[in-house]
Amino acid sequence: MNSDPRVMEFFRSPLTRADSDAMADRIERHFDEHGFGLWAIEVPGLAPFIGFAGLIWARFSAHFTPAVEIGWRMAFEHWRHGYATEAARLALDFGFEILALDEVVSFTAADNLRSVAGMERLGMRRDPAGDFDYPGFPQSHPLRRHVLYRIGSDRYPADAASS
Ligand SMILES: CC(C)(COP(=O)(O)OP(=O)(O)OC[C@H]1O[C@@H](n2cnc3c(N)ncnc32)[C@H](O)[C@@H]1OP(=O)(O)O)[C@@H](O)C(=O)NCCC(=O)NCCS
């Protein structure tokens, strides 16, 4: 998944095996430190791992941090079945009902329309003043500008789209 250019189109580059393993280690450390993180997604009877979705503390400083971010990444062959949305809804439930968060944010390169569609399916709303330069990209990189979506506990799940 992490080495697939289709999946990694809106990131700096596909990951090497070493970078992917380092990412898995970071995910496990986040669970150790915070008790939540990016959960692996299994589809019973179909595949033991199709991707991840979950909650993480943003790892950089920006106008909206500290903040808990919802994120997702799925292997290409499992796109467009609703799995990412289903998993993300469960992650939001966990964030608001178990962690009692006030707000969850999400962000991505403005052109990442599939991810933006996912945010909107969850009932997240774009913060029109929220666009920012994601520090994970070098200055002047075309994907550096990111859009920011938010959802507050007061609006969840009442505003979430039903499909
Ligand atoms: C972002 C990403 C997870 C979205 O994947 P996705 O397949 O579009 O999302 P879902 O799994 O929720 O599937 C939704 C689609 O399945 C359809 N669908 C089919 N059966 C469905 C069902 N039972 N329930 C819900 N949706 C269903 C929906 O209508 C929607 O289709 P559409 O694309 O025509 O609108 C995926 O594109 C990805 O991994 N991208 C690369 C990583 C990335 O960019 N991550 C975000 C960085 S911030």
**Request:** Kindly provide the set of residues from region 95-111 that are out of contact with any helix residue (DSSP H, G or I) (no Cβ under 6 Å at 6 or more places or on another chain) and not in a helix (DSSP H, G or I), ordered by number.
**Result:** L99, A100, E103, V105, F107, A109, A110, D111
**Message:** Looking only at region 104-123, count every residue that is more than 10 Å from the ligand (Cβ to nearest atom) and within 12 Å of the chain's Cα centre (by Cα) and tell me the total.
**Reply:** 2
**Request:** Pairs only if they're at least six apart or on different chains, beta carbon under 6 angstrom, first in region 97-114 and closer than 18 Å to I151 by Cβ, second in a helix (DSSP H, G or I) and near the ligand (Cβ under 8 Å from one of its atoms); list them, first residue then second.
**Result:** T108/S115
**Prompt:** Which condition number in (1) within 23 Å of E9 (Cβ to Cβ); (2) surrounded by fewer than 15 Cβ atoms within 10 Å (Cβ to Cβ) is the one that L143 fails?
**Reply:** (2)
**Item:** Unmet criterion (only one of (1) over 25 Å from R145 (Cα atoms); (2) more than 9 Å from the ligand (Cβ to nearest atom); (3) of a type in the set (S, T, Y)) for Y83
**Value:** (2)
**Prompt:** When only residues in region 65-76 that are over 11 Å from the mean Cα position of the chain (by Cα) and among the hydrophobic types (A, V, I, L, M, F, W, C) count, which is surrounded by the most Cβ atoms within 10 Å (Cβ to Cβ)?
**Reply:** A67
**Request:** Output yes when any residue across region 54-64 is within 14 Å of the ligand (Cβ to nearest atom), farther than 19 Å from H146 by Cα and open to solvent by 30 Å² or more (accessible area, probe 1.4 Å), and no when none is.
**Result:** no
**Message:** Looking for something part of a helix (DSSP H, G or I), open to solvent by less than 60 Å² (accessible area, probe 1.4 Å), under 20 Å from E97 (Cβ atoms) and at pLDDT 95 or above - is there at least one such residue anywhere in region 120-130?
**Reply:** no
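The values are calculated or read from the model by the stated rules, or taken from the named source; none is laboratory data. For clarity, every value in this text was computed on a predicted model and none was experimentally measured. Ideal geometry is used to build each Cβ from the backbone, glycine not excepted, and the neighbour counts take in all protein chains shown. All accessible areas refer to the heavy atoms of the entire protein, side chains included, with ligands and DNA or RNA removed. Shrake-Rupley method; radii C 1.70, N 1.55, O 1.52, S 1.80 Å.
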